[in-house]
1. Can you give me the number of residues within region 296-316 that are in a loop (DSSP other than H, G, I, E, B) and on the phi < 0 side of the Ramachandran plot?
2. For region 220-235, how many residues meet the condition of being touching a helix residue (DSSP H, G or I) at 6+ places or on another chain (Cβ under 9 Å), under 26 Å from residue 262 (Cα atoms) and open to solvent by less than 50 Å² (accessible area, probe 1.4 Å)?
3. Determine if region 133-144 includes at least one residue that is in contact with a helix residue (DSSP H, G or I) (Cβ under 8 Å, 6 or more places away or on another chain) and on the phi > 0 side of the Ramachandran plot.
4. Would you pick out the residues in region 220-246 that are under 19 Å from residue 330 (Cβ atoms) and either assigned to a loop (DSSP other than H, G, I, E, B) or over 19 Å from the mean Cα position of the chain (by Cα) (or both)?
5. Suppose we keep only residues that are among the small types (Gly, Ala, Ser) and part of a strand (DSSP E or B) within region 247-281. Which one would you say is nearest to residue 328 (Cα to Cα)?
6. Can residue 30 be described as open to solvent by less than 30 Å² (accessible area, probe 1.4 Å), closer than 30 Å to residue 140 by Cβ and touching an Asp or Glu at 6+ places or on another chain (Cβ under 7 Å)?
7. State which residue is least open to solvent (accessible area, probe 1.4 Å) when the search covers only region 128-142 and only residues that are outside any strand (DSSP E or B) and free of Cβ contacts under 8 Å to residues at least 24 places away in the same chain.
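The values are calculated or read from the model by the stated rules, or taken from the named source; none is laboratory data. These numbers come from a predicted model, not from an experiment. Please note: Cβ atoms are built from the backbone with ideal geometry, for glycine as well, and neighbour counts cover all protein chains shown. Remember, those area values only see protein heavy atoms, side chains included, never the ligands or the DNA or RNA. Shrake-Rupley method; radii C 1.70, N 1.55, O 1.52, S 1.80 Å.
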Amino acid sequence: MAFNIEILDDANNIDLITIYDGNSEIKFTNFGMRIVDWKVDGRSIVLGPNENDDLVQYYEENPYFFGATIGRYGGRIENGTFELNGQNYKLEQNDAKHNLHGGSNGLHSRVFDYEIINEDKIVTVIYTADMKSEDDYFPGNIQIKVTHRYDLIQMMWSIHYEATSTEDTLFNPMNHVYFNLNKTNQTIENHRIHNEIEFYPLKENQIVKSLDTININEEIGKEILTFRDVFESGLEQIKQFNGIDHPVKLGDESFTVSNDELEIEMKTDQDHVVIFTLNDVDWNDHDHTIQEHGGFTLETQSIPDDIHLLGDSAPSILRNGKTFSSETSYQIKTKDK
């Protein structure tokens, strides 16, 4: 058997699911449908709790959404309001005046039922969820299925989202995993980005300013950038936010980041990925292991606040009677393979 289940909180039905072989190990929990850890040759490549942390308390207190499934809506909706089909909806304002990641009752805050399918070298965890309009103030009750699949041979973690709603609504899910491929507790400055970074500028309130993009590679004049190049670029948007916290337009279906030893390749059917480089740290774990620029996200989703930017053509609109379906995968490769 390539997996085991540990009960973390019996009263609240919170479990830790570990999938493993001799080369890699990945851990999930049904609390927020999170990835907890991912080790390759004994090296953790995602940010999360360590052995000195109480896992449930860690995630309840951690403000960075480490490893969590986000929904209904990833990112900020300006002023916590939007119009759909001529009707105005007012959401929870949990980030100053804005709605962030669907509000405090979003998917990240809940415990989910799940089932496991074990196919020897591929283990699948299927979570199911129901969200009611009264819980998060979005229109419609929504049925959600999130599938985490881990291929031990390929060292590939895949996420599939599926959802239907009783009314027209917004649905823009993503996973808030942070990666760091370094063996020791270093920043991500040495990581190389093998795709162009063409991002949408933000206003001071971190809401997308316009659909006119800025290409960092062209601004700097380098084909392949490191995160250090980005941080030291002098670009106003980078200085303003102390790093990247922007939606990036994908030129193709894959996006690759590497250091000298490992490479992570992301593939998705989404057109955008939000890259966030953990630009400010105001909460830490017991061992103070979280540091500024200590990780990066690859959040595949529609552009945050697309309902204001694109109106009725926003990709995040999920119509009653339609099924949302999207898949993203992350594969780790070692440089000697």
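1. So in region 296-316, the residues in a loop (DSSP other than H, G, I, E, B) come out as 298, 302-305, 314-316.
The next check asks that each one be on the phi < 0 side of the Ramachandran plot; those that pass are 298, 302-304, 314-316.
Going through region 296-316 one residue at a time, the tally reaches 7.
2. Residues meeting the conditions: 5.
3. Of the residues in region 133-144, the ones in contact with a helix residue (DSSP H, G or I) (Cβ under 8 Å, 6 or more places away or on another chain) are 139-141, 144.
Those left that are additionally on the phi > 0 side of the Ramachandran plot: 140.
Yes; the residues of region 133-144 include at least one that is in contact with a helix residue (DSSP H, G or I) (Cβ under 8 Å, 6 or more places away or on another chain) and on the phi > 0 side of the Ramachandran plot.
4. Going through region 220-246, the residues under 19 Å from residue 330 (Cβ atoms) turn out to be 227, 244.
Once the filter is applied, which keeps residues that are under 19 Å from residue 330 (Cβ atoms) and either assigned to a loop (DSSP other than H, G, I, E, B) or over 19 Å from the mean Cα position of the chain (by Cα) (or both), region 220-246 yields only 244.
5. It comes out as 254.
6. Values: open to solvent by less than 30 Å² (accessible area, probe 1.4 Å): yes; closer than 30 Å to residue 140 by Cβ: yes; touching an Asp or Glu at 6+ places or on another chain (Cβ under 7 Å): yes.
Yes.
7. The initial filter retains those residues of region 128-142 that are outside any strand (DSSP E or B), namely 132-141.
From what's left, free of Cβ contacts under 8 Å to residues at least 24 places away in the same chain: 132, 134.
Numbers: 132: 98, 134: 138 Å².
The selected residue is 132.
A quick yes/no check of all residues on (1) under 19 Å from the mean Cα position of the chain (by Cα); (2) of a type outside the set (D, E, K, R); (3) open to solvent by less than 10 Å² (accessible area, probe 1.4 Å):
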{"position": "170", "(1), (2), (3)": "yes, yes, yes"}
{"position": "181", "(1), (2), (3)": "yes, yes, yes"}
{"position": "193", "(1), (2), (3)": "yes, yes, yes"}
{"position": "207", "(1), (2), (3)": "yes, yes, yes"}
{"position": "212", "(1), (2), (3)": "no, no, no"}
{"position": "215", "(1), (2), (3)": "no, yes, no"}
{"position": "218", "(1), (2), (3)": "no, no, no"}
{"position": "254", "(1), (2), (3)": "yes, yes, no"}
{"position": "260", "(1), (2), (3)": "no, no, no"}
